[in-house]
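Taken together, the values in this text are just the output of simple stated rules run on the coordinates, not laboratory data. In this text, all values refer to a predicted model and were calculated from it rather than measured experimentally. Backbone-built Cβ (ideal geometry, glycine too); neighbour counts: all protein chains shown.
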Amino acid sequence: MRDLKHLYEFEKLLQEANNELVQKAKADGGIALGYTCYHIPEVLLNCGNCFSVRLRAPRTGSMDIATYYMSNFLCGFSKAILERAIEGGYNFLDALLASETCSEMNRTAEHFELLNLVENDKFFLTFLDMPFKIADHTVKHYVTQTRNKILNKMTEVYGIDTSDAALLKAVEEHNEVCRLMTEIGNYRKEDNPRITGYEYHILSLITYCCPKSLILPMLRETAEELKTRELDEKKNFRAKIVVVGSEMDDPDFTALIEDSGALVVADRYCFGTMPGREEIKINPDEDVLTQICLHYLKTSQCPRYMSHEKVQERRDYVRHLVDEYHADGVMYEQLKFCEYWGYERALASYVMSNDYGVPTAAVDRQYTASASGQLRTRVQAFVESLEIKKIQKERKAKENG
Amino acid sequence: MKYFGGCDVGSTYTKCVILDENGKMVANVTNRSKINPVASAEIALGDAVAQVSGLNSAEELSYLIGTGYGRNKVPFADENISEISCHAMGVHVTNPEVKAIIDIGGQDVKGISIDTDGTVKNFAMNDKCAAGTGRFYEAMANAFEMTLPEFSKLSLNAKNTIPITAQCTVFAESEVISLVGEGKPMDEIAAGIQLAVAKRCFVMAKKAGATDSITLTGGCAKNDGLKKAIEKVLKIKVFELSTDPQLMGALGAAEYARQKGLAK
């Protein structure tokens, strides 16, 4: 297949948190609001001239200083974000919106404050207290916090209009991104998909890390380009897989999987598109902010929710993805020391293969894993076993007429 | 006669096996790996080809498969297959009764369970550090100022086991040197080292679903002290293979090459 027109440009944008589009938006008077968790409603950070930047730490090297402050036994993502902040990589931020969804990232955000890491006089940091259950009183608590700690603070410090009309405008723009990503993502259900998992991962990250208004024209063009993209005659993969797990912003991980013979057809990881790129439906008769907050609470697939129904719902969700995207197996990936996915991965990967009969592999990984030869071996062995099972299944079907 | 090759470029040793179309092993080579995997593969292939009178170069092999960490660097290879799949197939063709493997290579430890057709049923892999791998044993043998074969037999007659607490290769080496300095019996320290590695292997074997009929592959399979410790920890008799266990990856690759080459 020919490379997508904007792919190289997108890859380049992902090399820095403070990328060219972020710089352009800032130069045009935009307010950059950083966040790291799905439970911070992204759409709220795109009101008025604000724009959301989901924080990553591309090209992470040594994390020694962050390890000094945080200890060895915390996830690499939280340490990489702190290390990058200490290096001055987030000085462009005007605010950081944090939640105590997990204690690791909570500690990272604390250090932004304790070490006064962002050199910007107006910079502010807020913490949201996250509920563990979805009930009337917890939703009310969450909505109140988002109003007081996010919207009111944006107005107070930067004079941002956060009226219902402004929220609806942000929802409209957000929904267009979601529609385009869904349209593009649906190609992954094809027998021989016209988009690779790597390309889709790049597109997905771009929508999180760049100002929406600047990325939308290129995204529209990419969706249009894909409608007529010519496929290679021969399939370039041996098995299709769904990747499920914790925070994942390293497209090289997807590239590693695909270099080993698999095609990633669906992604259910933090800051992927499932959930993340579903449209937010607004009923004009109900409170706008409450509906936005409910959307994020209800669609979250984070294993911090430990009630029986939520645990079961997450397993069913993965199984549904396997069926819908015609996948041959599931790969559970877990960022080492992720406090929630450690449990989820161990149990769900067992249940998925033993109770649901879906071939499953489980890997724990570092924040950046592209250079890992061992990881490549694991993935390749999994792909080989999927391929063989597929061949055996086809052979059996043939024998049975 | 058609010939089929498997080349296992490992981090420490490069192995090569050539099979004829009936599956008979007609050549095998085990060389110390070079820093450059292409050079390692070229030398091993050259040495193996020299053992077969009907072959002049690796290009004449009907099908060649690369495996091991340098699997995608094997010249003239038709494809590469992970060493996990190859070890399973290698053991299966050597002894179909064996249903599980502990493969201890130069830089990782793997537990593999085998399906009835020689394919991988499940696997687990310790790839986080050199603890319990060939590199670890090299460091330990150095600390004892012994060769690897000497060290592997040292623990066999130990009356007691002195536990080693450090798993990290570097820390374990320091701990061993301290224990030797304290005048502790060397065979008992060695028994402690073997027990520590055997426990690590236990975890990999159990994670992979190994229940019985297990064997050891990789260079460390020749370590008698480790074999005894694993039998003690797993409470299972470890199968002896009729072919050099270090060759299992290359043999599996060659068998895959034979099956694929004949089906071409």
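Within the range B:162-264, which GluC sites (Glu not before Pro) sit in a loop by DSSP and count at most 13 neighbouring Cβ atoms inside 10 Å?
On the way: sites: B:173, B:175, B:182, B:188, B:231, B:240, B:255; in loops: B:182, B:240.
Filter output for the range B:162-264: B:182, B:240.
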Cα-based equivalent ellipsoid of the protein assembly as shown: semi-axis lengths in Å, sorted from largest, via gyration tensor: 49, 30, 22
Inter-probe distance in nm under a simple model that places probes 7 Å from Cα toward Cβ, at residue B:203 and residue A:8: 4.6
Degrees separating the helix B:224-234 axis from the principal Cα axis of chain B, which is the longest one: 80
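Can you pull out the trypsin sites (Lys or Arg not before Pro) in the range A:232-317 that DSSP calls coil and that have at most 13 other Cβ atoms within 10 Å? Working shown, then result.
Numbers: sites: A:234, A:235, A:238, A:240, A:268, A:277, A:281, A:298, A:304, A:310, A:314, A:315; in loops: A:234, A:235, A:238, A:277, A:281, A:304.
Qualifying residues, ordered by number: A:234, A:235, A:281.
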Amide H partners (placed H, <5 Å) of residue B:63, local residues excluded: B:5
Computed over the range B:161-200, Kirkwood Rh from alpha-carbon pairs, angstrom: 9.9
Distance between the range A:176-198 and the range A:273-322 - C-alpha centres, whole angstrom: 20
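In deg cm²/dmol and to the nearest 500, what is the mean residue ellipticity at 222 nm of the protein assembly as shown if only DSSP H runs of at least 4 residues count, each as -39500 (n - 2.57), divided by the residue total?
Working: 23 runs with 298 residues, N = 665.
The helix contribution divided over the protein assembly as shown gives -14000 deg cm²/dmol.
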Among B:164, B:104, B:193: highest mean-square fluctuation, GNM of chain B, C-alpha pairs under 10 Å: B:164
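Computed over the Cα atoms of the range A:1-67, what is the ratio Rg over Rh, Rh following Kirkwood? Write out the running numbers ahead of the final one.
Working: Rg = 14.6 Å, Rh = 14.0 Å.
Rounded to two decimals, Rg/Rh equals 1.05.
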With Cα atoms, 0 to 90° folded angle of helix A:197-209 axis to chain A main axis: 10
Candidates A:307, A:213, A:204: whichever shows maximal mean-square fluctuation once chain A is modelled as a Gaussian network with Cα springs under 10 Å: A:307
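Checking a compactness column here: for the range A:294-401, what do you get for Rg(Cα) / (2.2 N^0.38 Å), N being the number of residues?
After normalising by residue count via 2.2 N^0.38 Å, the value is 1.23.
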Residue A:392 paired with residue A:236, simple spin-label distance in nm, labels 7 Å along Cα-to-beta-carbon: 3.0
Amide H contacts under 5 Å for residue B:26, placed H, 5+ residues apart: B:18, B:19, B:20
Distance from the range A:16-55 to the range B:203-254 (C-alpha centre basis), Å: 54
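Roughly what % of DSSP beta bridges within chain B run antiparallel, to the nearest 5? Let's see the in-between values first.
On the way: 25 of 38 bridges.
Percentage antiparallel, nearest 5: 65.
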The range B:98-240: Rg to Rh, with Rh as the Kirkwood radius over Cα pairs: 0.98
Cα shape, chain B, gyration tensor, a/c 1.5 rule: prolate
Cα-based radius of gyration of the range A:158-279 once divided by 2.2 N^0.38 Å, which approximates compact folds: 1.16
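Could you grab the Rg to Rh ratio for the range A:223-293? Cα atoms only, Kirkwood for Rh. Please report the intermediate quantities before stating the final value.
Numbers: Rg = 17.3 Å, Rh = 15.2 Å.
Computed over Cα atoms, the ratio is 1.14.
For the range A:32-124, run through the GluC sites (Glu not before Pro) and keep only the ones in DSSP coil with at most 11 other Cβ atoms within 10 Å of their Cβ. List each step's numbers first, then the result.
Working: sites: A:42, A:83, A:87, A:100, A:104, A:110, A:113, A:119; in loops: A:87, A:100, A:119.
For GluC sites (Glu not before Pro) across the range A:32-124 that sit outside H, G, I, E and B with at most 11 neighbouring Cβ atoms in 10 Å, the list reads A:119.
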Rounded tilt (10° steps) of B:83-94 against the dominant C-alpha axis of chain B: 80
Partners for residue A:5 among aspartates and glutamates (Cα-Cα distance below 12 Å; same-chain residues under 8 apart left out): A:199, A:221, A:224, A:225
Evaluated over the range B:1-68, the Cα radius of gyration and Dmax, each in Å: 11.0, 35
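Please report the net charge: other residues with Cβ closer than 15 Å to the Cβ of residue A:101, K and R +1, D and E -1. Numbers along the way, then the final one.
On the way: positive: A:54, A:107, A:133, A:149, A:304, A:310; negative: A:42, A:100, A:104, A:110, A:129, A:247, A:339, A:344.
Once positives and negatives cancel, what remains is -2.
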C-alpha center-to-center spacing [the range A:105-139, the range A:329-401] in angstrom: 35
Long-range Cα-Cα pairs in the range B:43-165 (distance over 23 Å), rounded percent: 52
Beta bridges per DSSP with both ends in the protein assembly as shown, % antiparallel, nearest 5: 35
Prolate/oblate/rounded call for the range A:135-208, Cα gyration tensor, a/c under 1.5 rounded: prolate
Of every Cα-Cα pair in the range B:176-264, the percent that sits beyond 22 Å: 43
